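Here the structure comes first, spelled out in structure tokens, and everything after it is commentary.
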Amino acid sequence: MQSIDQKTYLSVVDQKLYAIRKLTKDLQRALPSQVSAQFIRALVLITSAVETFLLFRVNYLRATLGADPAELEVQIAFNARVALRILGTIHQQYLPLLHAGSRHNEYLVYPSIDRAVKLFTSEVELTLIPDFEYNYAFVGIETFALREIDKLEKHSDQATQAALAGVKKDAAAIKRWITFLHFPMADRDSALSLCILAHELAHLVDKHMGLYQELIPKELDKDSFERLVAARRSSPVQTGPGGPQLTLETLFTKAWVENQCYLACTQMLENWVREIIADILAVHAIGPACYFAFNDFFAYMGSENRSSRTHPPAAFRLLGMLDELKDMGYMISSEMVDIALTAGLQRVTSDATHLKYAEEAEVVQKTIQTNQTDLLAKIRKVTSKYSFGASRYQDSVPTVLNRLKAGIAPIEFYDEKSDVMRPASVRAILNAGWELYKTDLTSFYANFKAGGEELERLDNLNQLLFKAVEASEVKRQWR
Amino acid sequence: MTELEGDRKPQRPTGAVLSREVLLQRLKGDLDLIVSPILEDSQVGDGSIDISLGTRFIRSRRSKMTKIDFPKLDKDGIRDFQESVVVPFGDEYILHPRSFVLGCTFEFIALPSDICGFVLSRSSYGRAGLLIATATFVHPGWRGCLTLELENLGEIPISLKPLSTVGQLVLLNASKLPEQPAAKLIPVGPTFTALNEDPRWKKIEALSPR
């Protein structure tokens, strides 16, 4: 006998289906048309698959187990629980994303982000998600509707599978990547800070192209790894008050300890390499703006300059970005941006030399150091076409900067050669914004009446940048 | 010379409407006349440039306030009865009969010190009952996106779509201002009313017999 009968289970599934469909419709109404359209379509298909699954399974079970009511009861309850688990996932994981998406108003930058991503793949739908947690993150769900339906198929008989085939076909037509870019609500009005999104988008590019699989070093640094294993083996094990003094080597074989260390190091190595890939891709995509945005982001986070399992320390990452910018031709002129970058490099280099890497972090850092040249060479192959190097910067940013300094949203420019007005590039707009902010804010503030609040003016600079990004994108896409 | 002056300005008498040829010439200047972006050449005509609706709106909302008493409003108090909304491209804002909403031009406008302008409704919208502006004069040296006071005077709801051409900016030669006027802020969307900051309120209060 089961403590909860099958009738209750089936009724609960119906109620949950009803509630989720109603919620989805309500959330969809709060969104502008076309926003998260593919995601919503996928949710509708999953709920439809759950309904079909249970209907056909119950019919099948009643037809085959009619003579054994106890077993029928158990089987229906089991299948209902399969359905409820999937509905639970929708309720707990997917609908919150839709809800958060309905609160955002970053439609001003969305078309530009969408265009940037589509340079790599058209099989993607992006939704921007503002969070109260101060963090930027990328969540990419690959063929998620199909995967949820597959879970149902595993528990299906032939007739149920046939019934699910139609829904599955529709699910296959949904875009491959449903992605969510999380950003802090506090940065909602800061075009300068939102440059961090370039790094998160780079994670999508990495995942889509499978770069990290090719780039992760195959061998760990031998010396530091052996030191780690030796330190682990001799580390004490907690045995409680009065207990014997034990170490790991007294309890486990060397091979076991080595294996545990290896797993921890390779996982950390993968995480760090993925961050490095995203940093370098983003630096090439948007140039110095990427470094400046991360510099301020780390400061805003108040983050300690320490390594974690998921991310290398701030100084390590900033140094990587600045070294790459140097390789892209920056920091050799006496232009304001180069002076600012050079000053940054001096500070970061000094900070990075004092960094201490312990245990797994030491193994990972040394492994990356050994493979760095090869790693960067491979990433640069991907970035060579779109890299925003120093010459591109000098060709496009100064004109944009002049307009910003005069308090004008830099949207388009007259191109004398072709006698037409051309839209300013998003990269030039963002970099001009950062250069102005980092090197010459006083000249921008000169546009305003005396006595105003400086932060209000800085907010105004961000608004001008948003306007320029929005309007230049419309100009670019206008047919 | 002011920052917004170019070097290709033909001399024209004050008050003269600028021809299409002159407008096109001055739009090409780096920091001269700016009405941007111009999406289609046909937007620029003799004497005027078509302007379209932006994505940002400020609408009224019901609040606990019994009246708008401008001198007593503080900066945030204004937001008690008005709120900002963004309507993405492709979407619409429905303006119901006898309703009012603040919109803005999609175009960013910067007038040099020798040009002034007037905002006019497009007659086709006017005939459908849409009024787009009450404060129609744009000063020489002004920068930003113009706030449009949109009102539906008709009997049928009107769909307001970003980028639709709702009006025109008539541009005229003006006497040169001595220098670029400093801005409080440079608007890129509709701006909340700033009547509470009018220094005249204190003088009016001072005349009160109490």
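The values are calculated or read from the model by the stated rules, or taken from the named source; none is laboratory data. Everything numeric in this text was worked out from a predicted model, so none of it was measured. No Cβ is skipped: glycine too gets one built from the backbone with ideal geometry, and neighbour counts run over all protein chains shown. These accessible areas exclude ligands, DNA and RNA; they are computed on the full protein's heavy atoms, side chains included. Shrake-Rupley method; radii C 1.70, N 1.55, O 1.52, S 1.80 Å.
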Selection from the range A:198-210 of residues in a helix (DSSP H, G or I) and open to solvent by 10 Å² or more (accessible area, probe 1.4 Å) yields A:Ala198, A:Glu200, A:Leu201, A:His203, A:Val205, A:Lys207, A:His208, A:Met209
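Would you pick out the residues in the range A:268-289 that are closer than 24 Å to A:His354 by Cβ and open to solvent by less than 30 Å² (accessible area, probe 1.4 Å)? It would help to see each step written out before you state the result.
Pass one, the range A:268-289, residues closer than 24 Å to A:His354 by Cβ: A:268-269, A:271-273, A:275-276, A:279-280, A:283.
Hits for the range A:268-289 are A:Met268, A:Leu269, A:Trp272, A:Val273, A:Glu275, A:Ile276, A:Asp279, A:Ile280, A:Val283.
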Is it the case, given these coordinates, that A:Ile411 is in contact with a strand residue (DSSP E or B) (Cβ under 7 Å, 6 or more places away or on another chain), within 30 Å of A:Asp327 (Cα to Cα) and aliphatic (A, V, I, L, M)? yes
Would you mind listing the helices (runs of 4 or more DSSP H) fully within the range A:1-111 where at least 2 residues are assigned by TED's automatic domain parsing to the domain that holds A:Ala165, at pLDDT 90 or above and among the hydroxyl-bearing types (Ser, Thr, Tyr)? A:6-30, A:37-64
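Of all strands (runs of 3 or more DSSP E) completely enclosed by the range B:55-159, which ones contain at least 2 residues that are more than 21 Å from A:Ala30 (Cα to Cα)? Talk me through it step by step, then tell me what you get.
Numbers: elements: B:56-60, B:82-86, B:93-95, B:100-104, B:108-110, B:115-121, B:147-152.
Result: B:100-104, B:108-110, B:115-121, B:147-152.
Going by what's in this entry, would B:Leu150 be described as open to solvent by less than 20 Å² (accessible area, probe 1.4 Å), out of contact with any Ser or Thr (no Cβ under 6 Å at 6 or more places or on another chain) and of a type in the set (A, V, I, L, M, F, W, C)? Let's see the steps before the verdict.
Working: open to solvent by less than 20 Å² (accessible area, probe 1.4 Å): yes; out of contact with any Ser or Thr (no Cβ under 6 Å at 6 or more places or on another chain): yes; of a type in the set (A, V, I, L, M, F, W, C): yes.
Considered against the rule, which asks whether it is open to solvent by less than 20 Å² (accessible area, probe 1.4 Å), out of contact with any Ser or Thr (no Cβ under 6 Å at 6 or more places or on another chain) and of a type in the set (A, V, I, L, M, F, W, C), B:Leu150 comes out as yes.
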Criterion first (surrounded by 15 or more Cβ atoms within 10 Å (Cβ to Cβ) and within 13 Å of chain A (Cβ to nearest Cβ)) does B:Arg56 satisfy it? yes
Which of the residues that make up the range A:398-415 are in contact with a Lys or Arg (Cβ under 7 Å, 6 or more places away or on another chain), of a type outside the set (D, E, K, R) and more than 7 Å from chain B (Cβ to nearest Cβ)? A:Pro410, A:Phe413
For the range B:159-193, how many residues meet the condition of being more than 14 Å from chain A (Cβ to nearest Cβ) and touching a Ser or Thr at 6+ places or on another chain (Cβ under 9 Å)? 13
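Quick check, is A:Val117 farther than 30 Å from A:Val205 by Cβ, of a type in the set (Val, Ile, Thr), away from chain B (no Cβ under 14 Å) and open to solvent by less than 30 Å² (accessible area, probe 1.4 Å)? Give the derivation first.
Working: farther than 30 Å from A:Val205 by Cβ: no; of a type in the set (Val, Ile, Thr): yes; away from chain B (no Cβ under 14 Å): yes; open to solvent by less than 30 Å² (accessible area, probe 1.4 Å): yes.
Here the answer is no, as A:Val117 does not meet what is asked.
Within the range A:148-190, work out how many residues are under 18 Å from the mean Cα position of the chain (by Cα) and open to solvent by less than 10 Å² (accessible area, probe 1.4 Å).
Quick first cut of the range A:148-190, residues under 18 Å from the mean Cα position of the chain (by Cα) only: A:175-188.
In the following step, the residues that additionally are open to solvent by less than 10 Å² (accessible area, probe 1.4 Å) were identified as A:177-181, A:183-184, A:187.
Adding up the residues that qualify gives 8.
Determine, yes or no, whether A:Glu258 is closer than 18 Å to A:Gln365 by Cβ, of a type outside the set (A, V, I, L, M, F, W, C) and part of a helix (DSSP H, G or I). Steps first, please.
Numbers: closer than 18 Å to A:Gln365 by Cβ: no; of a type outside the set (A, V, I, L, M, F, W, C): yes; part of a helix (DSSP H, G or I): yes.
When the stated conditions are applied, A:Glu258 does not pass them.
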Name the single residue, out of those in the range B:60-97 being more than 14 Å from chain A (Cβ to nearest Cβ) and closer than 26 Å to B:Val138 by Cα, that is modelled with the highest pLDDT. B:Leu95
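Do you know which residues across the range A:427-479 are among the polar types (S, T, N, Q) and away from chain B (no Cβ under 13 Å)?
Of the range A:427-479, the ones among the polar types (S, T, N, Q) are A:431, A:439, A:442-443, A:447, A:460, A:462-463, A:472, A:477.
Within the range A:427-479, A:Asn431, A:Thr439, A:Thr442 qualify.
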